[in-house]
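Below you'll find the structure, written out as structure tokens, and then a few comments.
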């Protein structure tokens, strides 16, 4: 099994050298406590618990999986102790406001820790992430009384939580949900319905589980306008925060899954469960929206985490595995063969993994800092951050998870036949990461959101702000001869992005199905371009360090990887552009009964 080591050097490069974290936190309101020393200490401790506590449970958790018997779920051996250590370390409260019982740190700090924990053991991280679901809902829509009732034990880790949206018949189309809520005389509600795919819906880590659940109050209109948001605990919670009687919430089964077997994915039945309304009736999605956006960014982070784990395993194996001789002569004359890392095709795979992984890290950390601006910035910073996040979140969620599929599959390929064998852990990374392109909105749903709501819906204003920033950066560095190999292609692609958008919009005006047909390729084009923009910036920083006399080979590695990305990966964007321009006629011309003939 690959040994996970937190990539603290590259993480620090992105935080400090690329995005200037010291200045970033100093400019935020109320974040002055995040000094370089504090951030370093948090990173080192986060690395320690990820490497020493969570990663040793990676393979064993998969092999043992969750057990379901008589409505009860047993998590894999070691998970309960890991949960205890995680919560005692204060990791659940990093980004929670101090006024609500948390540590008041910016979102980005939590994202950095989540990357390490996720790479070490994403199945375990599912419990930590979903425990935040009711917390986020309470912070954004709860009354003071409701927050006092639930937050203390959610933040201490005595209780955990879930996010309950999906039903068997509607999937991501939550407007079709059938779970009903009936108001009681005391102001509470009674819930009746079933939810599926509920991560951590039942587990043995905590004494209570608090569900954030969408339902429709009797008499409410159909569609999303009639949806309300409720908090309902497994064991009822009195107004003073004490736990009372069982609340008629049961687990019907757990799913037998491709991966993440240490994370219980449950079918949950709400058979007369008492619940508390958050916010107003019919406005549940407004509160849940905060959680859904956070979940999308968290899923982009999963793509990064899985990619990093696979990259580390592949590089270690390629250095050690001896097979065949180099095409240009022996590189390991004392051995019977050369390490496979000398072979061009293995280099192609490793460089692809490296370019996507480090590019995704820059992408995810950029979004994390934008969330900081949205939460702690000036009014101007908040507005600008919200605009950028609106455009970039669906791109990051879809692109980082899609390219992660390639990275993790290449990790198996580097191992050859050994990659297909469970004991090496590479195939588990593929299985654990496969869900990332599906949940929190599939790639297709992210693409429709990007094209329909963010690009066409804003009449191109959000895109114009992004392309203007890229153009400004490129123009500012156009005289740098060393960067010319990156700047000129980026200028061309950026201009092409605007033209492509106009062509897509023109086609959509004639037939809206053209927007749907183009959407995924348009998103992937956008993802390749954004990642190229980030690699341009990373190459610029690395080159500047070299000019200052810094001989650290890390900077050479950055420039070489940027060059590989621009020469070998970024050209893929043109294939996606060609697909967008090809239109949707060829994909729509078959009748529904013409796909399969049996």
Length gained when the stretch residue 438-residue 554 is fully extended (0.36 nm per residue, less Cα-Cα span): 38.3 nm
Whole-angstrom gap from region 11-30 to region 399-436, using each part's C-alpha centre: 32
In nm, spacing of pseudo-spin labels at residue 327 and residue 80 (7 Å Cα→C-beta vector): 5.7
Computed Kirkwood radius, in angstrom, where 1/r is averaged over Cα pairs of the chain: 25.3
Kirkwood Rh and Cα Rg combined as Rg/Rh, region 274-430: 1.19
Structure-based [θ]222 nm, the chain - -39500 (n - 2.57) summed over DSSP H runs of at least 4, per residue, nearest 500: -17500 deg cm²/dmol
Net lengthening on full extension, residue 225/residue 544 (0.36 nm per residue, minus Cα-Cα): 109.5 nm
Ranking of 378, 263 by count of other Cβ atoms within 10 Å, fewest first: 378, 263
Label-to-label distance, nm, for residues given as residue 88 and residue 23 (7 Å Cα→Cβ offset): 4.2
Region 332-395 versus region 467-513: alpha-carbon centroid distance in Å: 20
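Arrange 5, 330 by Cβ neighbour counts within 10 Å, fewest through most, would you?
Result, fewest neighbours first: 330, 5.
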Folded to 0 to 90 degrees: helix 344-376 orientation relative to the chain principal axis, Cα: 50
Folded to 0 to 90 degrees: helix 572-582 orientation relative to the chain principal axis, Cα: 70
For region 483-557, alpha-carbon Rg and Dmax in angstrom: 17.6, 57
Extension gain (nm, one decimal) between residue 594 and residue 453, 0.36 nm per residue minus Cα-Cα: 47.5 nm
Fewest-first ranking of 448, 530, using other Cβ atoms within 10 Å as the exposure measure: 448, 530
Acute angle (nearest 10 degrees) that the helix 284-320 long axis makes with the longest principal axis of the chain, alpha-carbon atoms: 40
Sorted largest first, extent of region 160-282 alpha carbons per principal axis (Å): 40, 36, 20
Rg over Rh, two decimals, region 442-586 (C-alpha only, Kirkwood Rh): 1.05
Separation of alpha-carbon centers, region 36-96 and region 136-178, rounded to whole Å: 22
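From the Cα trace of region 7-117, what convex hull volume per residue do you get, rounded to a whole Å³? Walk me through the numbers on the way to the answer.
Working: hull volume 13.1 nm³, N = 111.
It is 118 Å³ per residue.
Bear in mind these aren't lab numbers, they're just calculated from the coordinates by the rules spelled out. Model, not experiment: these values are computed from the prediction. In this analysis, Cβ positions are derived from the backbone assuming ideal geometry, glycine residues included, and neighbour counts consider all displayed protein chains.
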